[in-house]
There are 2 protein chains.
Amino acid sequence: MTTYSPAEASAASGFSIDTLRYYEKEGILRPVARTGSGRRAYSDADLGWLDLVRCLRDTGMPIAALKRYAELSADAATLGERLALLEAHDASVQASIDALLAQQGQIREKIAWYREQGVRSGALPA
Amino acid sequence: MTTYSPAEASAASGFSIDTLRYYEKEGILRPVARTGSGRRAYSDADLGWLDLVRCLRDTGMPIAALKRYAELSADAATLGERLALLEAHDASVQASIDALLAQQGQIREKIAWYREQGVRSGALPA
DNA sequence: ACATCATCTGGAGCGGGCTCCAGGTCAAGG
DNA sequence: CCTTGACCTGGAGCCCGCTCCAGATGATGT
């Protein structure tokens, strides 16, 4: 069973070492195994979980929700609850995408308007 | 030429009155006209600009960039620069959308995995 | 043996973006 | 008139999510 040093876990997950320690302190990462001398030894399972954390964080899930999800993960009986949490998050991601698409439309209208103004005034080539 | 009280501008833009004052202080909103007694009187142009600000903020443009954009808007000769700024922002919005779609895929995989686990273990109905 | 380096801990500090507060000033309704 | 309420100002405070620091400890390479 391979293990990984903090530096390796950081490289693999894309989180800084400080952030990994912070996540552990916050309960997003359950206590990581230690070597005899007290250094962290991340497991493959830890890295897998960090991958998911990365994805959830990057899609805007707040630390508190991540922590909740992590707590639930400690108990197999909460599978339904975790599923619900993920589904709610999926819906919120969908909402963000929809909002971004609409806003992108507005930005592009503005861009088109600028282009027209520029050409009309001769400031931009047609 | 219609004008709007702070409360009206807030309702129309969706920004709190405090945020409107903050934006003005930061230079995102150029100094708003005042009534004889010193109260703000927002114009239609102000509200239009706030609409755009809303859109840009909601798509993740930071305060500093908004400020830059606002400064450029004071000088007609900077049209090209503003256009470039918007185009860059459009590209970053597109990148966010792409990233979200990919991450959504990952989340949905996880959801599917949970469903299967749930059914397999009998915790969830097929 | 020694210098170097990675890591450890607890806690302070930071940047972004607001949000709230105290204390004061007007304008309008009863 | 007098109260009420919207508004004003400058500045402090807050929440989030890290990020950095000092000081100590243990592993590593020469």
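Summary of computed values
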quantity: Tabulated pairs, segment A:106-126, first more than 10 Å from every other protein chain (Cβ to nearest Cβ), second exposed (fewer than 12 other Cβ atoms within 10 Å of the Cβ), C-beta under 6 angstrom, 6+ apart or interchain; calculated: A:Val119/A:Ala126
quantity: Residue check, B:Arg120 exposed (fewer than 12 other Cβ atoms within 10 Å of the Cβ) and either more than 16 Å from DNA strand D (Cβ to nearest atom) or modelled with pLDDT of 95 or more (or both); calculated: yes
quantity: Flag for A:Val53 being crowded, with 17+ Cβ neighbours inside 10 Å and within 12 Å of DNA strand D (Cβ to nearest atom); calculated: yes
quantity: Test set (1) facing chain B (nearest Cβ under 10 Å); (2) under 19 Å from B:Glu109 (Cβ atoms) - A:Leu66 fails condition number; calculated: (1)
quantity: Segment B:80-105 - residue that is facing chain A (nearest Cβ under 8 Å) and over 21 Å from the mean Cα position of the chain (by Cα) and, of those, nearest to A:Ile107 (Cα to Cα); calculated: B:Gly80
quantity: Selected residue (only one of B:Ala7, B:Ala33, B:Ala45 is away from DNA strand D (no atom under 13 Å from the Cβ) and more than 19 Å from A:Gln103 (Cβ to Cβ)); calculated: B:Ala45
quantity: Some residue of segment B:60-67 being in contact with a His (Cβ under 7 Å, 6 or more places away or on another chain) and not in a helix (DSSP H, G or I); calculated: yes
quantity: So B:Leu72, is it away from DNA strand C (no atom under 15 Å from the Cβ), of a type in the set (A, V, I, L, M, F, W, C) and over 15 Å from B:Ser5 (Cα atoms); calculated: yes
quantity: Subset of segment B:20-36 that is in a helix (DSSP H, G or I) and surrounded by fewer than 17 Cβ atoms within 10 Å (Cβ to Cβ) - its residue that is farthest from DNA strand C (Cβ to nearest atom); calculated: B:Glu24
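The values are calculated or read from the model by the stated rules, or taken from the named source; none is laboratory data. Quick caveat, the model's predicted, so the values are computed rather than measured. Heads up, the Cβs are rebuilt from the backbone with ideal geometry, glycines too, and the neighbour counts pull from every protein chain shown.
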